[in-house]
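Read the structure below first, then the notes.
The values are calculated or read from the model by the stated rules, or taken from the named source; none is laboratory data. Keep in mind that what you see is a predicted model, and the values were worked out from it rather than measured. A quick note on method: Cβ atoms are made from the backbone with ideal geometry, for glycine too, and the neighbour counts reach across all protein chains shown. Side chains are part of the model used for accessible areas, which takes the heavy atoms of the whole protein and leaves out ligands, DNA and RNA. Shrake-Rupley method; radii C 1.70, N 1.55, O 1.52, S 1.80 Å.
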Amino acid sequence: MYALLDPQTATGAAKDLLDATQKQLGRVPNLYRAMANSPKALGAYLEFRGALQGGLLDNAMCERIALLTAQLNDCDYCVAAHSFRGTKLGLSAEDLAKTRLSQSNSPQIHAALVFVEELVKGRGVVSASTHDALLGVGWTVSEIGEMVAHVALNVFSNYFKQIAHPALDFPAAPALGKATAPVAHA
């Protein structure tokens with residue numbers, strides 16, 4: 001486990017970044033405290049995150065992308081964090097569970113989740129039919145670009161968690177029951 005830097009005792013760039021995180025989020029999650037061991041990494045992460053805020057995708061879609069990416073990368077910390085945030089944004093427990101399985105009752109959201117799943121599992125390779133399905137339900141090329149950027153941002157945090165092992169400081173996400181098995185996508 002990486003040391004979790006304390007915002008009160010950190011110095012230099014790490015302190016500045018942790019203070020900015022506190023101001024923006026109202027708290028400093030353990031993942032960020034671990035990432036602060038490399039101020040350049042935390043700075044880059046925060047700048048990337050900030051650049052995506054206020055984009056074309058609404059906050060709920062961004063959380064769905066983050067949650068599904070975390071699920072696909074077996075990042076329990078990020079699944080917990082994005083489940084918590086998704087709840088705060090008004091996503092139901094059913095919405096969150098379905099998102100973790102690349103499912104939605106909304107054809108538009110479903111197509112986006114299938115795209116994200118294929119993007120992550122294919123390490124950037126997505127079939128033409130999956131891409132065309134996105135366009136077919138109304139997503140624009142600009143929105144698809146933002147989806148890719150959100151996946152990249154979340155892969156960054158998922159991978160960092162996997163090497164840093166910060167203690168979970170969000171409520172653990174519920175287990176996906178056996179009755180809720182992943183669906184194969186055509």
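Taking the listed residues A133, A149, A173, the one that is in a helix (DSSP H, G or I) and surrounded by 18 or more Cβ atoms within 10 Å (Cβ to Cβ) is A133, with no other qualifying.
Quick grid of which residues meet (1) small (G, A, S); (2) touching a Lys or Arg at 6+ places or on another chain (Cβ under 8 Å):
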{"residue": "A93", "(1), (2)": "yes, no"}
{"residue": "L96", "(1), (2)": "no, no"}
{"residue": "T99", "(1), (2)": "no, yes"}
{"residue": "N105", "(1), (2)": "no, yes"}
{"residue": "S129", "(1), (2)": "yes, no"}
{"residue": "L135", "(1), (2)": "no, no"}
{"residue": "W139", "(1), (2)": "no, no"}
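The condition (being on the phi < 0 side of the Ramachandran plot, surrounded by fewer than 15 Cβ atoms within 10 Å (Cβ to Cβ) and of a type in the set (S, T, N, Q)) is satisfied by just one residue among Q53, Q71: Q53. Residue pairs whose Cβ atoms lie under 6 Å apart, separated by 6 or more positions or on different chains, with the first residue in segment 61-90 and free of Cβ contacts under 8 Å to residues at least 40 places away in the same chain and the second of a type in the set (A, V, I, L, M) and open to solvent by 30 Å² or more (accessible area, probe 1.4 Å), are E63/L89.
Here T99 fits the description: in a helix (DSSP H, G or I) and open to solvent by less than 60 Å² (accessible area, probe 1.4 Å).
Of the residues L4, L25, L17, the single one that is open to solvent by 30 Å² or more (accessible area, probe 1.4 Å), over 16 Å from L153 (Cα atoms), among the hydrophobic types (A, V, I, L, M, F, W, C) and touching a residue at least 40 places away in the same chain (Cβ under 8 Å) is L4.
How do the pairs read when you match residues in segment 30-47 that are within 16 Å of A152 (Cα to Cα) with residues anywhere that are of a type in the set (S, T, N, Q) and assigned to a helix (DSSP H, G or I), using Cβ under 9 Å and keeping only pairs 6 or more apart or on different chains? Pairs found: L42/T21; Y45/S157; L46/T21; L46/Q24.
Selection of segment 2-41 for residues being on the phi > 0 side of the Ramachandran plot and either in a loop (DSSP other than H, G, I, E, B) or aromatic (F, W, Y) (or both) yields only G26.
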